[in-house]
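Engineer: So that we are looking at the same thing, I have put the structure below in structure tokens.
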Amino acid sequence: MHRPAANIVLVLAVLTGSAGCKHDADKAPAVASSRAINARRVMVIGASMSAGFAGSRLDKLLDKAIGIAHETRASTSVLFFADAIGTGKRQVAAARAFHPTLTVALDFLFWYAYAAAPAAERMRRLDVGLAALQTLPGHVVVGDLADMSGADPNMLPPAKVPPADQLAALNRRIHAWAKTRPRLHVIPFSIWAAPLRGGGTIAVAPNKPPVPARSLLAPDRLHPNADGMRYIVRRLVENLREAFPETPKNALGSTL
């Protein structure tokens, strides 16, 4: 039996709106500001990476990165791979019930796409995941799909890994989906993880020498370790500050 695994790919999400706002689940999400985020009610959904399988829980790291009064909840699962569609549906329902201003779903889409299935079925599964995320209020920040084909096959069976051309098509779908939806923002995990493929290095912090990219992974070569999770959250904060320039400076900092 294969152990759980999660991609470094990430969906990060609902960042704007009023902290105490109620949302009618049967109506379309309210339009949020396209230039500012609100991190007062944060929900984390996703798979093993977000759950801290080999590193640190994402919600705990975000608590340290958010510099304003806020509330954080999480609905994550190290068994996401066993039933991605059912698990995703339950997690999105939990998020909607919380009425978040930020939903972080960095690795939410991974097991929709990484499946032992033909290309058309992988794309259909991905569309199911995207449709579920679209029902969330506020901004949705979602990670695209990193190439994790070098992972331990006991953690990520080769039959579940999309070939390079399919992976590229899946990522194009994610970016095209978000492009026409101002609330949805894509985190480029496919680019961030690229040094893993070639044995490259990564600058993890300003004024510090680069480190081997693979040093940020657990021995399974799939999950980020504690250093890798801190790196991801630092990059996430930088990305969001740039994408949402009117966000108050104290809302998202990084003490990691």
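Engineer: Taking region 188-228 as the region of interest, how many residues are surrounded by 21 or more Cβ atoms within 10 Å (Cβ to Cβ) and in contact with a Lys or Arg (Cβ under 8 Å, 6 or more places away or on another chain)?
Structural biologist: Residues in region 188-228 being surrounded by 21 or more Cβ atoms within 10 Å (Cβ to Cβ) and in contact with a Lys or Arg (Cβ under 8 Å, 6 or more places away or on another chain): 2 in total.
Engineer: On the given criteria, is L170 crowded, with 21+ Cβ neighbours inside 10 Å, part of a helix (DSSP H, G or I) and out of contact with any strand residue (DSSP E or B) (no Cβ under 9 Å at 6 or more places or on another chain)? Steps first, answer last, please.
Structural biologist: On the way: crowded, with 21+ Cβ neighbours inside 10 Å: yes; part of a helix (DSSP H, G or I): yes; out of contact with any strand residue (DSSP E or B) (no Cβ under 9 Å at 6 or more places or on another chain): yes.
So L170 fits the description; yes.
Engineer: Further question: Just checking, does region 121-129 include any residue being out of contact with any helix residue (DSSP H, G or I) (no Cβ under 8 Å at 6 or more places or on another chain) and either at pLDDT below 95 or not charged (D, E, K, R) (or both)?
Structural biologist: In the first step, residues of region 121-129 are kept if they are out of contact with any helix residue (DSSP H, G or I) (no Cβ under 8 Å at 6 or more places or on another chain); the result is 121, 124.
Next, only the ones that are either at pLDDT below 95 or not charged (D, E, K, R) (or both) stay: none.
Among the residues of region 121-129, not one is out of contact with any helix residue (DSSP H, G or I) (no Cβ under 8 Å at 6 or more places or on another chain) and either at pLDDT below 95 or not charged (D, E, K, R) (or both), which makes the answer no.
Engineer: Take A151 and decide whether it is part of a helix (DSSP H, G or I), over 17 Å from T103 (Cα atoms) and hydrophobic (A, V, I, L, M, F, W, C).
Structural biologist: Taking the combined requirement at face value, the residue does not satisfy it.
Engineer: Quick check on region 125-145. Is at least one of its residues among the basic types (K, R), more than 18 Å from Q91 (Cβ to Cβ) and in a helix (DSSP H, G or I)? Don't jump to the end; show me each part of the working.
Structural biologist: Going through region 125-145, the residues among the basic types (K, R) turn out to be 125.
When the remaining residues are screened for being more than 18 Å from Q91 (Cβ to Cβ), the result is none.
Taking every residue of region 125-145 in turn, none turns out to be among the basic types (K, R), more than 18 Å from Q91 (Cβ to Cβ) and in a helix (DSSP H, G or I).
Engineer: Kindly check whether there is at least one residue in region 237-247 that is within 21 Å of V44 (Cα to Cα), crowded, with 18+ Cβ neighbours inside 10 Å and more than 16 Å from the chain's Cα centre (by Cα).
Structural biologist: Yes: one or more hits.
Engineer: Looking only at residues that are of a type in the set (D, E, K, R) and part of a helix (DSSP H, G or I) in region 226-246, which one is farthest from P188 (Cα to Cα)? Even if it seems obvious, please write down each step before you answer.
Structural biologist: Going through region 226-246, the residues of a type in the set (D, E, K, R) turn out to be 227, 230, 234-235, 238, 241-242, 246.
Now drop any that are not part of a helix (DSSP H, G or I), which leaves 227, 230, 234-235, 238, 241-242.
Working: D227: 19, R230: 16, R234: 14, R235: 10, E238: 12, R241: 15, E242: 14 Å.
Here the answer is D227.
The values are calculated or read from the model by the stated rules, or taken from the named source; none is laboratory data. Predicted model, so just to flag it, every value in this text is computed and none were measured. Cβ sites come from the backbone with ideal geometry, for glycine too, and all protein chains shown count toward neighbours.
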